[in-house]
Amino acid sequence: MKLPRYFALIPAAGVGARMGEKIPKQYLQIAGKPMLRHVLDTFCRADVITHTYVVVSAEDGYIDATMAALHDSSYATVLRVGGATRHQSVLNGLQAMQKQVNEPIDDDDWVLVHDAARPGLSIGLIDKLINILQDDEVGGLLAMPVVDTLKRAGAEGRVDQTVTRDRLWAAQTPQMFRYGLLRKALEQATAVTDEASAIEAQGLQPKLVEGDARNFKVTLPHDVALAELYLKGFV
Ligand SMILES: Nc1ccn([C@@H]2O[C@H](COP(=O)(O)OP(=O)(O)OP(=O)(O)O)[C@@H](O)[C@H]2O)c(=O)n1
Ligand SMILES: C[C@](O)(CO)[C@H](O)COP(=O)(O)O
């Protein structure tokens, strides 16, 4: 019986508008190397990952230098199929993976979709996610239980209501689903912001696996300093 393999798919085709930098945020230097490089190095060291695919925009002018700087880039393939949304980039990447003759993917193989904007991912978190989900019927995602009291804003930036945080989790990545199910779900979904939403739209319930605060998404300018602290080991 053929054992399922584990592939990584890294959506890295965004422009980082909220970061407000001159270059896409995934190429910002953090702790001495581009943010995307931290993610690539982690997946390179994850022995369980058969191959890593990086989705970038067709116009990306940074990826070639990033790949050239890797000690060994044989574990990763660049797919210049980025789309207008993260959803489209991931779907385009899944479709392009199928055409890779060196590692044709099977429907039962697992795909771990991880944001290039989450450089704090560790091998330990990858192993934890896979160990918990490897026999799961659906798949799941790293996430963090919400600990703050949540307010919904009304007019003039004033509180409209307090939203219960009971059973609320903040989704992280990787989000891990079998190739065939994930591709079908994303093909049928409309405008989802994560893979789990597409799976839920199929009537399924992805499993929540507790992640880590250091695996946060670098989105706004002040996030860079925090990522530096984490990645330099100061916290
Ligand atoms: N069309 C897009 C948009 C986003 N992403 C990727 O999805 C991840 C999470 O998205 P986000 O943090 O929103 O990144 P950006 O879209 O670049 O940021 P912004 O929304 O501020 O422009 C990032 O690694 C980003 O590169 C992508 O591959 N294709
Ligand atoms: C996938 C994700 O990181 C889970 O929290 C998030 O949905 C990405 O959203 P973005 O607007 O593309 O950053």
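The values are calculated or read from the model by the stated rules, or taken from the named source; none is laboratory data. In this text, all values refer to a predicted model and were calculated from it rather than measured experimentally. Cβ sites come from the backbone with ideal geometry, for glycine too, and all protein chains shown count toward neighbours. The protein model used for the area step is the full one, side chains on, heavy atoms only, and it has no ligands, DNA or RNA in it. Shrake-Rupley method; radii C 1.70, N 1.55, O 1.52, S 1.80 Å.
Taking only pairs six or more apart or across chains, which ones have beta-carbon atoms under 6 Å, a first residue in segment 55-79 that is in contact (Cβ under 8 Å) with a residue 40 or more places away in the chain, and a second residue that is among the polar types (S, T, N, Q)?
VAL55/SER89
Restricting attention to segment 185-195, and to residues there that are of a type outside the set (S, T, N, Q) and open to solvent by 90 Å² or more (accessible area, probe 1.4 Å), which single residue is farthest from LEU133 (Cα to Cα)?
By that ranking, first place goes to ALA191.
Show the residue pairs that are 6+ apart or on different chains and have beta-carbon atoms under 9 Å apart, the first residue being within segment 1-30 and at positive phi, the second being more than 12 Å from ligand 2 (Cβ to nearest atom) and of a type outside the set (Gly, Ala, Ser).
Between residues of segment 1-30 that are at positive phi and residues that are more than 12 Å from ligand 2 (Cβ to nearest atom) and of a type outside the set (Gly, Ala, Ser), the close pairs are GLY16/ILE23; GLY16/PRO24; GLY16/TYR27; GLY16/LEU28; GLY20/PRO221.
Taking segment 211-235 as the region of interest, how many residues are in a helix (DSSP H, G or I) and either within 24 Å of THR193 (Cβ to Cβ) or open to solvent by 50 Å² or more (accessible area, probe 1.4 Å) (or both)?
Result for segment 211-235: 10.
Test TYR27 against the stated conditions and say whether it is of a type in the set (Ser, Thr, Tyr) and either open to solvent by 40 Å² or more (accessible area, probe 1.4 Å) or under 19 Å from LEU94 (Cβ atoms) (or both).
no
Which condition number in (1) open to solvent by 10 Å² or more (accessible area, probe 1.4 Å); (2) assigned to a loop (DSSP other than H, G, I, E, B); (3) touching a residue at least 40 places away in the same chain (Cβ under 8 Å) is the one that ALA116 fails?
(1)
Kindly indicate whether any position in segment 159-171 is in contact with a helix residue (DSSP H, G or I) (Cβ under 7 Å, 6 or more places away or on another chain), touching a residue at least 60 places away in the same chain (Cβ under 8 Å) and closer than 25 Å to ARG214 by Cα.
So far as segment 159-171 goes, no, none of its residues is in contact with a helix residue (DSSP H, G or I) (Cβ under 7 Å, 6 or more places away or on another chain), touching a residue at least 60 places away in the same chain (Cβ under 8 Å) and closer than 25 Å to ARG214 by Cα.
Please state which one of ALA96, ALA198, ALA171, ALA84 is on the phi < 0 side of the Ramachandran plot, surrounded by 22 or more Cβ atoms within 10 Å (Cβ to Cβ), within 16 Å of ligand 1 (Cβ to nearest atom) and of a type outside the set (Val, Ile, Thr).
ALA198
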